[in-house]
Each structure stands twice: as structure tokens, then as C-alpha cells.
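Some notes on the structure that comes next.
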Amino acid sequence: MKKGIVKVHMTNGFGNNIFQYVYGRLFAKKVGLKLSYKKSIPVGIKKNRMLFTKNLKIKRIENTNCSQIGWWRRYLDADKKQSKKKNYHLIGYFEDYVLYKPYLNKIRSWFNPVEKTNFKDLVVHIRLGDRLLCKRSHKDFVSVDNYKRAIEKFDFDRLYIVTDSKKWTKYTKKDIKKLHSSTHRKSMKREKSKIVSTDYSLEYVNSLIEGLSCYDPMLQNSDLASDFNFIRSFDNILIHNSTFAWWAAVLSEAASVGVYGPWKTGKKKRNKNLGQTDYPGWFQWE
């Protein structure tokens, strides 16, 4: 009997890809089919591209947020044998913490292990980069006072900041112009009508740098995989609304994780529930 294939559509974004891979792998296991995905994730996940099985129907499954009605029952046939006679094309981001809660240990076993080496310090992930330019992102930015209140919820010795910012000293207008020029042209064109002023970007980033200077933070800025695994090595983690940082915290199994409760308020009804994650040791801040 011919069996179908579960193919998950991989978009841009490190954290997005982990969601897509994990959802796809759980789904494929449930229906007893092989999983196909076109991208590697540099934390032990190698790409595995396969073609859909010929002459079998392709069933598209788009997006999720279906935990409240049972994500397995929504898409699977009552007869498992019939499920195997289809190809499945999974298209979406699958960002619903409830879906993964029963499978955390299994999911963690799929990725390269990282030894937890830092139990006394705190690591904070702050994504800046092109978000400093985009008006949509600024709607979700958190003031330095809010960061400081969240930081003070932890008992720690040293503060580490993981960021995609190339520097952690005062920004100038020249730095913002460099950021504009280094951002992908197509992305800039798409967001052109939603770019904030240089002065606004400067005011925000410098408020963070100056405001958090009281902690004398150590900066970590390397390639994505190195930064991801660096976060995983901590037992105390504070994150904002990044799926990259969310997965680093999940895979770390840290004793204490502060997650930004509102997540992305600018999306309103389309906002995900990741800010409400209630895994062991997690709490919300805002």
C-alpha cells in the first residue's frame, strides 16, 4: 500500500522553523507517516526533503490555534489506515504553547543537548536589529523601566544580554542609517510606509542601553545557533516576544523563565498565546 508524506512548509525565521518542524514531527508520528521539510535548523536538525507520493490526495492544513477543540481530532481521520492514504501539507506557524505541553520531554530529545552551566546569573534576550526601524514592532516595545521591574524578579549575580544589536553603547544617527542600509531591500520596500523616524529609534535603543547600564551587563552577540545555545545554558531566562528566545527557554528546561505576557499587542485578535505559557518555572511579566 502506498503511504503518503507529511510535508511542512518552512518559512523564514529560526524560531518559526522550530515551531513548524516540531508540529510537523508530532503530526507525522500521530498518522504514522514520514516527515518532509526543506530546511535545516542549526541545532541538530538536518533537512529531509521528499516528494509527495504520486496519485494520492494532498490535504492542506493551514495554521492552528486549535488546542481548545483538540488539534489531533480536528485533522485526523477516524480510520488511521485511511489517514496513511493521503499526503499532508502543513502550512502555518503553529504557535500555541498548549499543543506542546504534553510532549516537552520528547521534543527536547530531538535537539542537540546543551549543558546548563550558569545557575547564578540571568540572561535577557532583547531583539532589536530591524525591529528598531519598523513602526509595527515599536507598538510592542517595552520600556526600560518595565525591563528593570522584570529583571528584579530574579535573584542573580550578573546580567547577560543576548541581542542582534551589533553594539551595546550609545547609538548615533549614523548607526541607524547603517541599519537601514544593511536591512534587506525587499523587506525595506515592503515596510517603507511603516518605518519610524531615526530620532524615535535612537530614543528607544539609547533608553535601553543607558537604563540597563546600572547592571553592568555582559553582551552576547554571535551567530544564531551560538546565541540560541548560550541562552539554553542558563537557569534564569527573561524573554520578550521572540519565538527564537521562546524555544531557547523551552529547550533549556530552566528553573525560572519570565515571558512577556501581552506578547504582541499590535496584532490584537491575531496575537498568539505564547505570552501565557505556564510550563514549570515560567511566569508572566509586562
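Brief remarks on what is shown
- Filter result (in contact with a helix residue (DSSP H, G or I) (Cβ under 6 Å, 6 or more places away or on another chain), farther than 17 Å from Phe19 by Cα and surrounded by fewer than 22 Cβ atoms within 10 Å (Cβ to Cβ)) within the stretch 233-251: none
- Residue that is surrounded by the fewest Cβ atoms within 10 Å (Cβ to Cβ) [pool: residues in the stretch 25-53 that are in a loop (DSSP other than H, G, I, E, B) and among the polar types (S, T, N, Q)]: Ser40
- Selection of first residues in the stretch 134-156 that are assigned by TED's automatic domain parsing to the domain that holds Tyr260 and of second residues that are assigned to a loop (DSSP other than H, G, I, E, B) and of a type in the set (Asp, Glu), restricted to Cβ pairs under 6 Å at least 6 apart or on distinct chains, gives the following pairs, ordered by first then second residue: Cys134/Glu191; Phe156/Asp121.
- When the helices (runs of 4 or more DSSP H) confined to the stretch 54-145 are screened for residues that are modelled with pLDDT under 90, those reaching at least 1 such residues are found at 71-75, 80-83, 97-100, 135-138.
- Scanning the stretch 159-191 for residues that are in a loop (DSSP other than H, G, I, E, B) and modelled with pLDDT of 90 or more gives Asp164, Trp168, Thr169, Lys170, Tyr171, Thr172.
- Applying the set (1) crowded, with 16+ Cβ neighbours inside 10 Å; (2) of a type in the set (A, V, I, L, M); (3) not in a helix (DSSP H, G or I) to Val22 leaves exactly one unmet item: (3).
- Pairs with Cβ under 8 Å, 6+ apart, first in the stretch 202-224 and part of a helix (DSSP H, G or I), second polar (S, T, N, Q): Leu202/Thr172; Val205/Ser165; Ser207/Ser143; Ile209/Thr169
- Residue in the stretch 1-19 that is nearest to Leu104 (Cα to Cα), counting only those that are among the β-branched types (Val, Ile, Thr) and surrounded by 15 or more Cβ atoms within 10 Å (Cβ to Cβ): Ile18
The values are calculated or read from the model by the stated rules, or taken from the named source; none is laboratory data. These numbers were taken from a predicted model, which means no experiment stands behind them. All Cβ positions, glycine included, derive from the backbone under ideal geometry; neighbour counts span all protein chains shown.
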